[in-house]
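Chemist: Pasting in a structure now, in structure tokens, and then I'll have a few things to ask.
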Amino acid sequence: MDRSYSNRKKIGLNPKVIGMVMLMATWIACQPAKEKSAEERANALLKQMSLEEKAGQMTQFSIEMILRGETPFKLEKPHQLDTIKLRKVLVDMGVGSILNVPGNTFTLAQWKEVSEALYKYRMQTRLKIPVLYGIDAIHGANYTVGATLYPQQINLAASFNTDLITEMATYTAHDVRASGLAWNFSPVLDVARNPRWPRFWETFGEDPMVAASLGSSMVKAYQMPSEEGLPGVAACLKHYVGYGDARSGMDRTPAYIPERQMREIFLLPFAKAIEAGAQSIMVNSGEVNGEPVHASKFFLQTILRDELKFEGITVTDWEDVKNLYERHKVAATYKEAVAIAINAGIDMAMVPLDTLFTHYLIENVKEGLIPMSRINESVLRILTLKFKLGLFEQIPSFSDQYDSIGSKQSKDLALTLATQSLVLLKNSNNALPIAVEDKILVTGPNADYINALNGGWTHTWQGRDTTYNSEVPTCLEALNRLKGKDKVVYLPGNTYEQCLPDEQLLLAAKNVSTVVLFLGEDTYTEKPGDIMDLELPEAQQHLIKIYKQAGKKVVLVLLQGRPRTFSKTEPYCDAIIFAGLPGDAGGTAIAKVLIGTENPSGKLPFTYPRYAGFHLSYDCKYTEVLNKDFKPLGFDPLFSFGSGLSYTNFTYSNFTCNQENYKFTDTITMHVSISNTGKMEGSHTALFYSKDEVASITPSLKKLRAFKKIHLKPGERKNITLQIPVQSLAFVGLANKWLVEPGDFKLSVDTLVQNITITNK
Ligand code: BGC
């Protein structure tokens, strides 16, 4: 799709254009002669470099290494740059990259100070090579005070709205650049197949095609220059590859993935995002089939470089070179770990808190344990990226050319995205929308808690600091404002693990007809988010049960990063909204959906399990469902992939394909009409599946092949036409290669089905 300039325009640079002309002129004047490509310039520079300078380029430090105070994590506050450390790191060691924030978010002015310092010390080096700064701006520029915070990726996927996601990535790139940074560690292209995994919510869900499609759109939008010619940021695909499928469900634990599934499920999003031009990749901290990915020539060279033709840079994840020795035990020493990782194909090490990596890298090369050709290859890639991003020409005031952050338009976008990401999973007994005159009780640990809207990577790593979003309305505040304080009773005191005594719970609900429960999880990411049990804690489920038994309508809003199971109390809920992590605008979006001024349109981008101990994805195999004669019944999730109701009705008709028989090289054109037969306008995503009737590798029940979101007024009908190449029906066959087999297929959308035949002629 068009990553349109019109989106860029909405950033609204125009008001400042005049003031910027001079800055632009300075920048243009600094541009090198146009005829030399980034690669040529990088090559010329590489030839002048010493081994020590090259090793510096391959080193990435956390910002703490240039801040006052002890490293790690015992920093002086407020954070101050340390001139002695700056000289050591940037001039003496020539470190090529810095990452992260020192504990919490920076203002634009603080970021500016960082840029100025990096520039000042870089100019004191022999070759004046700029520093490439990396940041986890995964849902907006979440480490810059004042930037708009959008929904997390799992919600973006639920919105199924490629255009809005593209727009969001465009704004994010702008805000990251306005902070003086040029490298974004986003998007996450792991495929979430284990619901216990604490990074489930950082993904686009369980479907590889959805991750490939939305991920590629984000990559293009991040990296695209603005209409005014200002550069975007380099995207970084995370975490290559197989990270999302740890067998234990715990972060950074082993995955066992056969090559066929690896290619068909986990590699696909990376392959597509590389085709879309992704400039960097971060490696999976875990091991796959017993081999840490950081040590894997198969993944880092054979697949990534030889097959996928990736030309960008490969950066490790946090401490993962050292981890080959300390955690994975595939190296006897740190020094050996450095040789293993670099020889496997790593270009840059996120060290990030010691100077030993650089030291051992140099020693290894001097001792012939790492060939200079391997070093040159990596440094060339790093320098090329720096040239492509325009870093050599940029002075710290360069970032001033990017207009203000946190604009009204970006906030509106965040609200629209949040609204479109809410998934109405159940709505019985006219529970929703809540009637204007109805009085409600609001309770639950997430009712009045901003962090629960945003999750991790929000101002801090774990997202537990509310210093910078005190203006953001919680769900309770938004309901008070939009429904009216006189219609809302609030009962504080119910936590994730403990609820108030029954008498107190019931007393609070005495005069209300509906109880809205905001349940789910506190914030987390990575290891701190590991859980032993997927079940929603008992205390929270008790709230559902007690209020239903007291004759109230129970509306459940789940603010959580993964599908916590609650099948025993689900029948007690009249309505359920999966709200995920909708970001700063989430409170308002949820309140609007609850009172019916907005119509929900999200669809589940994952399968919601019924049982904590039994989970399958929607594209499971026949033997996993055909279990009719025995108990248990097989695949029977609580909510299927693609679930999502609306306050209106959408009716499908006239599903056709342009032919019955197709050749391998053909494209299938599908048409369908969708009508809004209800009373409210609304958006709707049509999901197109295929089913391979018979195949040499057991086929899945169905596979998602395309999706399209539309908006319809009451009574309106729209025709959708979508094209998919026959090759997109391929699977990875016995020889571990993608192939389409001739035979019969079913294509379906909603309940409509078309039979087609593929011939090999
Ligand atoms: C995470 C990455 C992140 C990096 C830098 C790691 O611990 O796994 O996703 O980009 O830290 O913050």
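The values are calculated or read from the model by the stated rules, or taken from the named source; none is laboratory data. Just so you know, these numbers come straight off a predicted model, no measurement behind them. Every residue, glycine among them, receives a Cβ derived from its backbone with ideal geometry; neighbour counts consider all protein chains shown. Calculation scope for accessible area: heavy atoms of the full protein, side chains included, ligands and nucleic acids excluded. Shrake-Rupley method; radii C 1.70, N 1.55, O 1.52, S 1.80 Å.
Chemist: Here are Met262, Met218, Met209: which of them is buried (at least 24 other Cβ atoms within 10 Å of the Cβ) and closer than 21 Å to Ser728 by Cβ?
Modeler: Met218
Chemist: Would you mind stating whether Leu108 is within 16 Å of the ligand (Cβ to nearest atom) and surrounded by fewer than 24 Cβ atoms within 10 Å (Cβ to Cβ)?
Modeler: On the way: within 16 Å of the ligand (Cβ to nearest atom): no; surrounded by fewer than 24 Cβ atoms within 10 Å (Cβ to Cβ): yes.
Spelling it out, it is not the case that Leu108 is within 16 Å of the ligand (Cβ to nearest atom) and surrounded by fewer than 24 Cβ atoms within 10 Å (Cβ to Cβ).
Chemist: Only one of Glu624, Glu660, Glu570, Glu598 is without any contact (Cβ under 8 Å) to a residue 12 or more places away in the chain and either charged (D, E, K, R) or closer than 21 Å to Ile544 by Cβ (or both); which? If you could, list the steps in order and put the result at the bottom.
Modeler: Values: Glu660 fails: without any contact (Cβ under 8 Å) to a residue 12 or more places away in the chain; Glu570 fails: without any contact (Cβ under 8 Å) to a residue 12 or more places away in the chain; Glu598 fails: without any contact (Cβ under 8 Å) to a residue 12 or more places away in the chain.
It is Glu624.
Chemist: Among the numbered criteria (1) surrounded by fewer than 24 Cβ atoms within 10 Å (Cβ to Cβ); (2) at negative phi, which single criterion is violated by Gly229?
Modeler: Of everything listed in (1) surrounded by fewer than 24 Cβ atoms within 10 Å (Cβ to Cβ); (2) at negative phi, Gly229 misses just condition (2).
Chemist: State whether the residues of the stretch 438-455 include one that is within 16 Å of the ligand (Cβ to nearest atom) and within 20 Å of Thr588 (Cβ to Cβ).
Modeler: Here is the first cut: in the stretch 438-455, the ones within 16 Å of the ligand (Cβ to nearest atom) are 455.
If we keep only those that are within 20 Å of Thr588 (Cβ to Cβ) too, we end up with 455.
For the stretch 438-455, residues within 16 Å of the ligand (Cβ to nearest atom) and within 20 Å of Thr588 (Cβ to Cβ): present.
Chemist: When you look at Lys545, is it more than 19 Å from Leu441 (Cβ to Cβ), of a type in the set (Lys, Arg) and modelled with pLDDT of 95 or more, yes or no?
Modeler: Considered against the rule, which asks whether it is more than 19 Å from Leu441 (Cβ to Cβ), of a type in the set (Lys, Arg) and modelled with pLDDT of 95 or more, Lys545 comes out as no.
Chemist: Sticking with this structure for a sec: From the set of residues in the stretch 228-274 that are part of a loop (DSSP other than H, G, I, E, B) and of a type in the set (Gly, Ala, Ser), which is farthest from the ligand (Cβ to nearest atom)? Walk me through how you get there before you give the answer.
Modeler: As a first pass, look at the stretch 228-274 and keep what is part of a loop (DSSP other than H, G, I, E, B): 228-233, 241-242, 246-254, 256-258.
Then drop every residue that is not of a type in the set (Gly, Ala, Ser), which leaves 229, 232, 242, 246, 248-249.
Numbers: Gly229: 29, Gly232: 18, Gly242: 14, Ala246: 13, Ser248: 17, Gly249: 16 Å.
Looking at the filtered set, the residue picked out is Gly229.
Chemist: Of (1) away from the ligand (no atom under 16 Å from the Cβ); (2) assigned to a loop (DSSP other than H, G, I, E, B), Val101 satisfies all except one. Which?
Modeler: Going through (1) away from the ligand (no atom under 16 Å from the Cβ); (2) assigned to a loop (DSSP other than H, G, I, E, B) one by one, Val101 breaks only (1).
Chemist: Also, I was wondering about something else. When Ser567 is evaluated against the numbered criteria (1) more than 16 Å from the ligand (Cβ to nearest atom); (2) crowded, with 19+ Cβ neighbours inside 10 Å; (3) not in a strand (DSSP E or B), which criterion, by number, is the only one it fails?
Modeler: If we test Ser567 against (1) more than 16 Å from the ligand (Cβ to nearest atom); (2) crowded, with 19+ Cβ neighbours inside 10 Å; (3) not in a strand (DSSP E or B), just (2) comes out false.
Chemist: Sort out which residues of the stretch 638-650 are open to solvent by less than 70 Å² (accessible area, probe 1.4 Å) and either in a loop (DSSP other than H, G, I, E, B) or touching a Lys or Arg at 6+ places or on another chain (Cβ under 9 Å) (or both), and write them in order of number.
Modeler: Listed by number, the residues that qualify are Leu638, Phe639, Ser640, Phe641, Gly642, Ser643, Gly644, Ser646, Tyr647, Thr648.
Chemist: Sticking with this structure for a sec: Taking the stretch 734-754, which residues are surrounded by fewer than 12 Cβ atoms within 10 Å (Cβ to Cβ) and in contact with a strand residue (DSSP E or B) (Cβ under 8 Å, 6 or more places away or on another chain)?
Modeler: Going through the stretch 734-754, the residues surrounded by fewer than 12 Cβ atoms within 10 Å (Cβ to Cβ) turn out to be 734-735, 737, 751.
Matches in the stretch 734-754: Thr751 only.
Chemist: Regarding the stretch 358-377, can at least one residue be identified that is under 23 Å from Tyr133 (Cβ atoms), in contact (Cβ under 8 Å) with a residue 40 or more places away in the chain and within 16 Å of the ligand (Cβ to nearest atom)?
Modeler: Within the stretch 358-377, not a single residue is under 23 Å from Tyr133 (Cβ atoms), in contact (Cβ under 8 Å) with a residue 40 or more places away in the chain and within 16 Å of the ligand (Cβ to nearest atom).
Chemist: Related question: Of all the residues that make up the stretch 467-490, how many are under 19 Å from Gly580 (Cβ atoms) and either open to solvent by 20 Å² or more (accessible area, probe 1.4 Å) or not in a loop (DSSP other than H, G, I, E, B) (or both)? If you could, list the steps in order and put the result at the bottom.
Modeler: At the first step, the residues of the stretch 467-490 found to be under 19 Å from Gly580 (Cβ atoms) are 469, 472-476, 478-479.
The next check asks that each one be either open to solvent by 20 Å² or more (accessible area, probe 1.4 Å) or not in a loop (DSSP other than H, G, I, E, B) (or both); those that pass are 473, 475-476, 478-479.
Of the residues in that region, 5 qualify.
Results for (1) open to solvent by less than 60 Å² (accessible area, probe 1.4 Å); (2) over 30 Å from the mean Cα position of the chain (by Cα), shown as yes or no for each residue.
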{"position": "Phe688", "(1), (2)": "yes, no"}
{"position": "Leu712", "(1), (2)": "yes, no"}
{"position": "Gly715", "(1), (2)": "no, yes"}
{"position": "Thr721", "(1), (2)": "no, no"}
{"position": "Pro725", "(1), (2)": "no, no"}
